[in-house]
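Engineer: Starting off with a structure, shown below.
The values are calculated or read from the model by the stated rules, or taken from the named source; none is laboratory data. As the structure is a computational prediction, the values presented were derived from the model and not from experiment. Neighbour counts are summed over all protein chains in view; Cβ atoms, including those assigned to glycine, are modelled from backbone coordinates with ideal geometry.
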Amino acid sequence: MAIESVSLEWDGDLGDDDATSATYCERYRVVFDNTDDPRVRKLIAMSAAAIDPHTGLQVPKGFSQHIYSPWLIVRGRHIRPLGPMDFEIDIEYSNRADYCTNEAAAAQFINPIDEPWDIEYIQWEFTDRLDYDMDGKAIVNANREPPDPNLQEEFGRLGVRITRAQEFWDNRFMDDYAKAVNSDAFWGYAPDECFMNRIGARRMRMGDFFFWQATFEILFNPFRTVNGITIGGFQRRIRHEGFRIKKWEGAAGSSAIIIAEATDDEGTRVSQPVLLDAEGWELEEGQPATWLDFRTKRRVSFAELALE
């Protein structure tokens, strides 16, 4: 028999409590007889084999839970020799979850599932076509021609990144929600105003308890009216313009609507696209441009994620 005894030493009972975490230490003493290989004693003392043959007392292993609190977890184990047969092992317990970035979330002795979520507000940026200035004036030259290529402008909007502990994770969320927009009201925003930019989870461990660290990154772009035009949301938008227009053809009383090449006053095909109204007719001079919206992203209910 290699191990003669394992005992719990009173002088190693230390503790440190504050508002965000708890740390406790215990000290064990492992005594060997002289029937083992001295070169492996420190390894045996730190292994699962460090058990008292008479009382069954065992040196706690990494990630072990404290006997009186399942949320005090072995975070560190330090050994030092007292002599050729005796070794002291300091065991450090902590309830501090490694995944948690919110200092206020590490309350005392609690299940990580019950901890507050980490909520981070972010700014996301995108570049969009710019056709009007801040005063609503069309960006064109003296001959009413827009620049080619069109001006691009950077815009910033609000987003939120939520990180929380979950007991379960369903991979279906990745397929259903990634790059989708909300079909119902969410966080005070109307349908189509929220976009799931990123969604994912990583398995975590706290003692013998396994859970998932889930992250959701959601971008917001509320609808609003600027210069009489409704913008916002996450649909794709193009200005209604082109080289073909609707026009009447034929004698009075028998004329019909056709689609023809757009021409200038001299009958020459235009070299720049002309603005069209909602029906495809050429806009009259000075009329504001119209826009076409296309819904290209999946719409799903964000309520199933229980993020509110």
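Engineer: Please name all residue pairs, on different chains or six or more residues apart, with Cβ atoms under 8 Å, provided the first residue is in segment 294-308 and is of a type in the set (A, V, I, L, M) and the second residue is part of a loop (DSSP other than H, G, I, E, B).
Structural biologist: Close Cβ pairs satisfying both conditions: Val300/Ala180; Val300/Ser183; Ala303/Asp184; Leu307/Trp187.
Engineer: Would you call Leu219 in contact with a His (Cβ under 7 Å, 6 or more places away or on another chain) and buried (at least 16 other Cβ atoms within 10 Å of the Cβ)? Let's see the steps before the verdict.
Structural biologist: Working: in contact with a His (Cβ under 7 Å, 6 or more places away or on another chain): no; buried (at least 16 other Cβ atoms within 10 Å of the Cβ): yes.
No, not satisfied.
Engineer: Return a yes/no flag: does segment 30-37 have any residue that is closer than 12 Å to Asp90 by Cα, touching a residue at least 24 places away in the same chain (Cβ under 8 Å), out of contact with any Cys (no Cβ under 7 Å at 6 or more places or on another chain) and buried (at least 17 other Cβ atoms within 10 Å of the Cβ). Can you show your working first?
Structural biologist: Filtering segment 30-37 for residues closer than 12 Å to Asp90 by Cα gives 30.
Checking the rest, the ones that are also touching a residue at least 24 places away in the same chain (Cβ under 8 Å) come to 30.
Now drop any that are not out of contact with any Cys (no Cβ under 7 Å at 6 or more places or on another chain), which leaves 30.
If we keep only those that are buried (at least 17 other Cβ atoms within 10 Å of the Cβ) too, we end up with 30.
For segment 30-37, residues closer than 12 Å to Asp90 by Cα, touching a residue at least 24 places away in the same chain (Cβ under 8 Å), out of contact with any Cys (no Cβ under 7 Å at 6 or more places or on another chain) and buried (at least 17 other Cβ atoms within 10 Å of the Cβ): present.
Engineer: Could you list all residues from segment 47-61 that are closer than 28 Å to Asn111 by Cα and surrounded by 12 or more Cβ atoms within 10 Å (Cβ to Cβ)?
Structural biologist: We begin by selecting, within segment 47-61, every residue closer than 28 Å to Asn111 by Cα; these are 47-48, 57-61.
Of everything in segment 47-61, those that are closer than 28 Å to Asn111 by Cα and surrounded by 12 or more Cβ atoms within 10 Å (Cβ to Cβ) turn out to be Ser47, Leu57, Gln58, Val59, Pro60, Lys61.
Engineer: Restricting attention to segment 1-29, which residues are modelled with pLDDT under 90 and either of a type in the set (Val, Ile, Thr) or touching a Cys at 6+ places or on another chain (Cβ under 8 Å) (or both)?
Structural biologist: Residues satisfying the conditions are Gly12, Asp13, Leu14, Gly15, Thr20, Thr23.
Engineer: Taking the conditions exactly as written (on the phi > 0 side of the Ramachandran plot, touching a residue at least 40 places away in the same chain (Cβ under 8 Å) and not assigned by TED's automatic domain parsing to the domain that holds Phe209), does Phe63 satisfy them or not?
Structural biologist: Yes: the conditions hold for Phe63.
Engineer: Give me the residue from segment 133-173 that is of a type in the set (Phe, Trp, Tyr) and surrounded by fewer than 15 Cβ atoms within 10 Å (Cβ to Cβ) and, out of that set, nearest to Lys297 (Cα to Cα).
Structural biologist: At the first step, the residues of segment 133-173 found to be of a type in the set (Phe, Trp, Tyr) are 155, 168-169, 173.
Cutting the leftovers down to surrounded by fewer than 15 Cβ atoms within 10 Å (Cβ to Cβ) gives us 155, 168.
Working: Phe155: 21, Phe168: 27 Å.
In this case the residue turns out to be Phe155.
Engineer: Sticking with this one: Quick one: how many residues across segment 256-308 are part of a loop (DSSP other than H, G, I, E, B) and of a type in the set (Phe, Trp, Tyr)? Explain how you work it out, then say what you get.
Structural biologist: Pass one, segment 256-308, residues part of a loop (DSSP other than H, G, I, E, B): 262, 264-268, 270-273, 277-281, 283-290, 295-298, 301, 306-308.
Of the ones still in play, those that are also of a type in the set (Phe, Trp, Tyr) are 281.
The number of residues fulfilling the criteria is 1.
Engineer: Would you mind finding the one in Asp176, Asp192 that is buried (at least 16 other Cβ atoms within 10 Å of the Cβ), closer than 18 Å to Leu292 by Cβ and modelled with pLDDT of 85 or more?
Structural biologist: Within the list Asp176, Asp192, the selection yields Asp192.
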